[in-house]
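Below: the structure, in structure tokens.
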Amino acid sequence: MRLSHLFTKTLRSAPADEQALNAQLLIRAGYIYKEMAGVYAYLPLGIRVLENIKRIVREEMNAIGGQELIMTNLQRQDLWEKTDRWDESKVDVWFKTKLQNNTELGLAWSHEEPITDMMRNYISSYRDLPANVYQFQTKLRNELRSKSGIMRGREFVMKDMYSYSLDNEQHEAFYETATQAYLKVFDRVGLGDKTFVTYSSGGAFTKFSHEFQTVTDAGEDVIYLDEEKKMAINEEVYNDEVIKHLGLDKAKLKEVKAAEVGNIFSFGSIKSEQLDLAYTDKDGHKKPVILGSYGIGITRLMGVIAEIFADHKGLVWPEAIAPFSVNLIRIGDSDKTVKAADRLYNLLTEAGIAVLYDDRNLRVGESFADADLIGIPNRVVISDKTIAQNNLEWKKRTENEARSISEQELLKILER
RNA sequence: CGGGGUGUGGCGCAGUUGGUUAGCGCGCCGCGUUUGGGACGCGGAGGUCGGAGGUUCAAGUCCUCUCACCCCGACCA
């Protein structure tokens, strides 16, 4: 994409109404636009990051047998009444609206009930199980107070997966598979060494649920971390009994702040019974389906990554989710320079490399400052100077020194 | 929801004890000189001060109400 065509502009200073680093940088660089408190639009650059994150999550969910679908944002009252979660004293984040005939509707803050109700239409026999479905959907939550930029909004994108299993054994096996898939996701987006399976409150059915907590001061949670065992306990359930139960040593636990990027939990048969989701087994007995739920806050994840991978100049995207892999900067507008830069842009693009081409002919300082702010992993410069040397200049966003390399060398670097 | 704070051109800010044509930087438009880390000169456009009501000869400056936004706390399958 040519930067001269991109409608967004970079901002020199952060908007005064944002404290959170992720929001400041993402707004300044043109990834997101704030519509109101806790509600952000995703601009062309932002979408590319979001889609990259989704692609990774999608691949890992598909790899463990997840089937993608999209549920609706408008939801029926009766479903939520069956599980006693329609009442605002039970769920305080509801946004609700009405049809013109006055029928009350809920706006999706979660999809557990509708999706499970829907599955009743497709699950009736043991032959129909297991079934694991997931979606990327917008959740609307009327938070009392949104904060931390895109890390905690009122409107956000979540990947939510639901597993439907024959029995606890089948469920447990999938639960473990999903845990591993989640770890792969966080590893691939660049948070592998900072993200830990964390034991948290389990609710009515199980003792624990499992959170995936990424260590960062920007997080809202406090966890107690055993770095060797790569396990942590959320402060919500942190006590001697739990430490002992998990076989951890209190002396080795470190108190750190973390952001919850994923959460998985078991429902057992409670929800299936409430919503009447059952199957007939081989012997003709009717049995409730065992349910699990697995969430990853996609937009929050983007915020956490922005927060962690940044320096005083701007964003520093991990390669896997960067909006482009190359920021090509043309310095000068002599015919030969334009020709050479255009040629390289086409060459890279045709090779399948995502290039953001700064063809604006600004002063170098501005182009470089924008490149640093936007945070694309590779910066390539074409100028009269590089042409005279019959080379080009390459610098990684994570490094300070630029290097003069050949086009062939660049291709090799980018293709690996 | 409790507490604290902030709303002045697109963005960041300044506006003395209320006083007449509301400033500055960035950005924007035009012309020219510049061009490897956010250039410079000259000339322009753009705000009625979050909103409503009030006090006053006079309100961006004072009062009341209200809305929005930020932070702390509470909340957060």
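Where a number appears in this text, it was derived from the coordinates with a stated rule and is not lab data. Small disclaimer: the values here were computed from a predicted structure and weren't measured. Glycine gets a Cβ as well: all are built from the backbone with ideal geometry, and neighbour counts include every protein chain shown.
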Quick one: give the max-minus-min coordinate of the C-alpha atoms of region A:288-339 along each principal axis, largest first, in Å.
72, 27, 13
Local electrostatic count at A:E401 - Lys and Arg +1, Asp and Glu -1, tallied over other residues with Cβ under 13 Å:
+3
To make sure I understand, if each residue's beta carbon is the centre and we count other beta carbons within 10 Å, what order do A:H312, A:H285 fall in, fewest to most?
A:H312, A:H285
Kindly provide the GluC sites (Glu not before Pro) of region A:190-280 that DSSP labels as loop, not H, G, I, E or B, and whose Cβ sees at most 15 other Cβ atoms within 10 Å.
A:E220, A:E227, A:E228
For A:K96, counting only lysines whose alpha-carbon sits under 26 Å away and dropping same-chain residues fewer than eight positions off, the answer is A:K34, A:K82, A:K139, A:K147, A:K159, A:K271
With axes computed from alpha carbons, what is the tilt in degrees of helix A:335-350 against the longest principal axis of chain A, rounded to the nearest 10 within 0 to 90?
30
Global form of region A:363-416, assessed from the alpha-carbon gyration tensor, a/c cut-off 1.5:
oblate
How high is the relative contact order of region A:324-415, in percent, with contacts defined as C-alpha pairs under 8 Å that are six or more residues apart?
31
First check a/c for region A:248-332, with a ≥ b ≥ c the square roots of the eigenvalues of its C-alpha gyration tensor; if it is under 1.5, answer rounded, and if not, answer prolate when a/b is larger than b/c or oblate otherwise.
oblate
Could you run the Karplus curve 6.51 cos²θ - 1.76 cosθ + 1.60 with θ = phi - 60° over region A:166-173 and give me ³J(HN,Hα) per residue in whole Hz, x for Gly and Pro?
5, 8, 5, 5, 5, 5, 4, 5
For chain A, longest principal axis from Cα atoms; helix A:44-63 axis from its Cα atoms; angle between them, nearest 10 degrees, is 50
How big is the equivalent ellipsoid of region A:1-122 along its three axes, where each semi-axis is √(5λ) from the Cα gyration tensor, reported in whole Å from largest to smallest?
35, 22, 13
Low-density loop cleavage sites - trypsin sites (Lys or Arg not before Pro) in region A:108-204, where at most 12 other Cβ are within 10 Å (DSSP)
A:R145
Hull surface over four for the Cα convex hull of region A:3-311, reported in nm², is 18.8
Using 20 Å as the Cα-Cα cut-off, could you pick out the over-long pairs in A:K230/A:K252; A:K9/A:K395; A:K229/A:K252; A:K54/A:K257?
A:K9/A:K395; A:K54/A:K257
Would you mind ranking A:D187, A:D370 by Cβ crowding within 10 Å, fewest neighbours first?
A:D187, A:D370
Between region A:32-84 and region A:359-416, what is the separation of their alpha carbon centroids in Å?
35
Could you derive backbone 3J(HN,Hα) for region A:273-289 from the dihedral phi with the Karplus parameters 6.51, -1.76 and 1.60 (θ = phi - 60°), listing whole Hz in sequence and x where the residue is Gly or Pro?
5, 4, 9, 6, 9, 9, 9, 9, 7, 3, 8, x, 8, 8, 9, x, 7
If you take every residue apart from A:M1 with its C-beta less than 11 Å away from the C-beta of A:M1, what net charge results, scoring Lys and Arg +1 and Asp and Glu -1?
0
Applying the gyration tensor rule to the Cα atoms of region A:324-415 (axes a ≥ b ≥ c; rounded if a/c under 1.5, else prolate if a/b exceeds b/c, else oblate), the class is rounded
Would you please name the GluC sites (Glu not before Pro) within region A:359-416 that are DSSP coil residues with at most 10 other C-beta atoms within 10 Å of their C-beta?
A:E399, A:E401
One point scatterer per Cα, no solvent, Debye formula: log10 I(q)/I(0) for region A:1-61 at q = 0.13 Å⁻¹ comes out as -0.40
Given the -39500 (n - 2.57) contribution per DSSP H run of 4+ residues, what per-residue ellipticity at 222 nm results for chain A, rounded to the nearest 500 deg cm²/dmol?
-9000 deg cm²/dmol
Ranked by GNM mean-square fluctuation in chain A (Cα springs under 10 Å), the top entry among A:L74, A:L344, A:L99 is A:L99
